[in-house]
Amino acid sequence: MEACPLSQYDAHLRAILGLPIPRASLQMLTETTCAVMVNILGGASPESHLRAAQEALSISGARVHLYGKGYGRPGRKMGHVTVLADSMDEVEARILPLMQIIDEIRDEYTKKSPPSQTLDPAKPRNHEGTAQEPQTPIVAVTMGSDSDRSVLAPGINLLKEFDIPYSVSITSAHRTPQSMIHFARGAAKKGTKVIIAAAGGAAHLPGMIAANTSLPVIGIPVKASHLEGLDSLLSIVQMPRGCPVASVAINNSVNAAQLAIRILSIDDINLRAKLEQHLDDQTRSVEEKARKMETQGFEAYCKDD
Ligand code: RP5
């Protein structure tokens, strides 16, 4: 679009609006002008294509056009580059390093080895039934007692929905203190990035874990049999200085999982994109319900309760 006086966009607008397009404005800038246009396509990660745009900035006679579409997907057109020179040989020489980067970006997603089709009963399977390599858990979920398990289930489901590799265990700060310390001290070495610890009563588990690791610890106060869970909440939230534990609301394992995902998404752009989509869906779902209640009226809305 830089090769002639009238840009491609200008020409397009004039064409659809029935405006004049002078013939001379569609001729090459000079008699020797040669131009090549290269598409910038999305790659394996949401920002892979930016490598190509970056490379193009250092090419003499190149103009970079990114379309502002946000995150890229493999093969999605995200922009283009035009390179001008006085001969086709010169254009090709200038564009060569860019073509190498573009090939690398494409190879990243086209040359990935296909998933193993052999049926190994020891390996977990995805929804298509193909075997998956076990991944290192990056979120370690632990609870003081198996009686906490139903509180944790919704949060674990959210981790699953986000494909976060996680582990689940029972470690009691007062009944199995040694294994609790072993768990906390070994977590970082095993690749864990965030710990979620649920406990009820005098809920010292999250604090004791935080005392034995430098990883972020998210506590879930469990509503045990007394005091409506206020005992657990205060035990977790009132950790003394120097040993922080983030506390979510009583029994709210979904918030614990979402907070873990937010922490992990700080340096994981794919996860952040997924999280932002999840938050948008959450907003849309409430808006739809609000619209439905306004349209149908409160009584009709509640009739299926
Ligand atoms: C805590 O005591 C556990 O986290 C649980 O919430 C509570 C009651 O435990 P169980 O008596 O049900 O094992 O340690």
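What pairs can you find where one residue is in region 19-37 and closer than 12 Å to residue 1 by Cα, the other is hydroxyl-bearing (Ser, Thr, Tyr) and in a loop (DSSP other than H, G, I, E, B), and their Cβ atoms are less than 9 Å apart, with a gap of 6+ or different chains?
34/87
Consider residue 187 carefully, then state whether it is within 24 Å of the chain's Cα centre (by Cα) and either among the charged types (D, E, K, R) or closer than 25 Å to residue 274 by Cβ (or both).
Numbers: within 24 Å of the chain's Cα centre (by Cα): yes; either among the charged types (D, E, K, R) or closer than 25 Å to residue 274 by Cβ (or both): yes.
When the stated conditions are applied, residue 187 passes them.
All but one of (1) surrounded by 12 or more Cβ atoms within 10 Å (Cβ to Cβ); (2) within 27 Å of residue 110 (Cβ to Cβ) hold for residue 2, so report the exception by its number.
The failed condition is (2).
Which residues, taken from region 70-86, are surrounded by fewer than 18 Cβ atoms within 10 Å (Cβ to Cβ) and touching a strand residue (DSSP E or B) at 6+ places or on another chain (Cβ under 6 Å)?
Passing the criteria: 75, 77.
Can you report the number of residues in region 12-65 which are small (Gly, Ala, Ser) and over 37 Å from the mean Cα position of the chain (by Cα)?
Of the residues in that region, 5 qualify.
Output the residue which, of all residues in region 200-222 that are within 14 Å of residue 242 (Cβ to Cβ) and of a type in the set (Val, Ile, Thr), is nearest to the ligand (Cβ to nearest atom).
Step by step, filter region 200-222, then rank; the result is 217.
Restricting to region 134-190, and then to whatever is polar (S, T, N, Q), within 16 Å of the ligand (Cβ to nearest atom) and in a loop (DSSP other than H, G, I, E, B), can you tell me which residue is surrounded by the most Cβ atoms within 10 Å (Cβ to Cβ)?
Selected residue: 171.
Could you give every pair whose Cβ atoms fall below 6 Å, whose first residue belongs to region 227-244 and is farther than 19 Å from residue 195 by Cβ and within 14 Å of the ligand (Cβ to nearest atom), and whose second residue is among the charged types (D, E, K, R) and part of a loop (DSSP other than H, G, I, E, B), counting only separations of at least 6 or pairs across chains?
What qualifies is 229/223.
List, please: which pairs have Cβ atoms under 7 Å, are six or more places apart or on different chains, and start with a residue in region 42-66 that is free of Cβ contacts under 8 Å to residues at least 12 places away in the same chain and end with one that is β-branched (Val, Ile, Thr) and surrounded by 16 or more Cβ atoms within 10 Å (Cβ to Cβ)?
Pairs that qualify, where the first residue is free of Cβ contacts under 8 Å to residues at least 12 places away in the same chain and the partner is β-branched (Val, Ile, Thr) and surrounded by 16 or more Cβ atoms within 10 Å (Cβ to Cβ), are 57/64.
If you check every pair at least six apart or on different chains, which have Cβ atoms under 6 Å apart with a residue in region 259-274 that is over 17 Å from residue 218 (Cβ atoms) first and a residue that is in a helix (DSSP H, G or I) second?
Matching pairs, first to second residue: 272/265.
Throughout, read-outs are computed from the coordinates displayed, never taken from laboratory work. Because the structure is a prediction, the values reported are computed rather than measured. Every residue, glycine among them, receives a Cβ derived from its backbone with ideal geometry; neighbour counts consider all protein chains shown.
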